[in-house]
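The values are calculated or read from the model by the stated rules, or taken from the named source; none is laboratory data. Predicted model only: the values in this text are computed from it and were never measured. With ideal geometry, Cβ positions are generated from the backbone for all residues, glycine too; neighbour counts draw on all protein chains shown. Surface accessibility is based on the protein's heavy atoms, side chains included, excluding ligands, DNA and RNA. Shrake-Rupley method; radii C 1.70, N 1.55, O 1.52, S 1.80 Å.
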Amino acid sequence: FKLKTKEDLIGVYSTFLKNTEYWFHADGTPNSDYFSDICCPLCQAEDSKPFLVIDNFNYDKCMNCGSVYTRPHLKNNVLTDLYSNGAYQAYQENLVNKGKKIRSTILEERKFQQIKEVIGCKTVSILDVGGGTATFLNICKNNGWNVQGVDATKSSNKYASENYNILVQEKQFSEIKF
C-alpha cells in the first residue's frame with residue numbers, strides 16, 4: 001500500500017484542527033457549547049458507567065440495556081455544520097478513502113480486537129453510528145458479526161455499499177426509530 005505524503009497529512013490535519021479547535025477548552029476538555037452529556041441513545045436511561053477508551057474517545061455502558069456509546073457526544077448541530085462546511089468530506093476523501101488498506105489492516109483491526117476482548121462474545125450485533133465508509137464494520141462483518149451502520153454523509157454511504165456491500169443508512173442518529 002502507499003502511504004500519504006507528509007504534506008497531504010499535514011494539510012488535512014490542519015484543516016480538521018481549524019474546523020474543530022473551538023470544540024475544546026485550552027486544557028483539552030470538551031466545551032459544553034459543542035458537546036452534550038447524553039443519556040443512553042437507545043433506551044434513554046441515565047444510569048451508565050465508564051466502559052472503555054479507544055483512541056481518546058470515552059465510551060459508557062448503559063446499566064439498563066447494555067448498549068455502549070460515546071459520552072460526551074457532539075451535538076447534532078455541530079455534526080451538521082461539520083458535514084456541511086466540507087471539513088469532514090476532505091478528511092474522508094483525502095485520508096480515509098485513500099488510506100483504506102492501512103485503516104483496515106491496522107487501525108480498524110486493532111479497534112475490532114479491543115472491542116472483541118472487552119465484550120468477550122464470539123458473535124455480536126453492532127450498530128456503528130458515524131462510522132463513515134464502514135471500514136470498521138467490514139472487519140466486524142468478516143469476523144461473523146451482524147453489522148448495521150448510520151452516517152450522515154452520502155459519499156461515505158456510497159463507498160460502504162460499493163466497496164464492502166454494507167448498507168449504511170444516510171441519516172443522523174436522532175432520526176432513527178427503534
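In square angstrom, what is the accessible area per residue of the range 116-178 with a 1.4 angstrom probe? Intermediate values should be presented prior to the final figure.
Working: 3580 Å² over 63 residues.
Solvent-accessible surface per residue comes out at 57 Å².
Give, as ranges by residue number, the residues of the range 135-178 whose backbone N falls under 14 Å from the point 7 Å along Cα→Cβ of residue 23. Once the point is set 7 Å along Cα→Cβ of residue 23, 152 turn out to lie under 14 Å by backbone N, inside the range 135-178. Ligands, DNA and RNA excluded, the heavy atoms of residue 59 present near 60 Å² of accessible surface to a 1.4 Å solvent probe. Counting only protein heavy atoms and using a 1.4 Å probe, the accessible area of residue 145 comes to about 10 Å². Quick one: in the range 106-178, what % of C-alpha pairs are over 22 Å apart? Above the 22 Å cut-off, the range 106-178 has 20 percent of its Cα pairs. Ranked by solvent-accessible area (1.4 Å probe, protein heavy atoms only, all chains present), the residues 175, 7 order from largest to smallest as 7, 175.
Largest first, what is the accessible-area ranking of 39, 121, 140 with a 1.4 Å probe? Provide the component values of the computation, followed by the final result.
Numbers: 39 40, 121 60, 140 0 Å².
Sorted by accessible area, descending: 121, 39, 140.
Each Lys or Arg adds one and each Asp or Glu takes one away; over the other residues whose Cβ falls under 13 Å from the Cβ of residue 144, this sums to +3.
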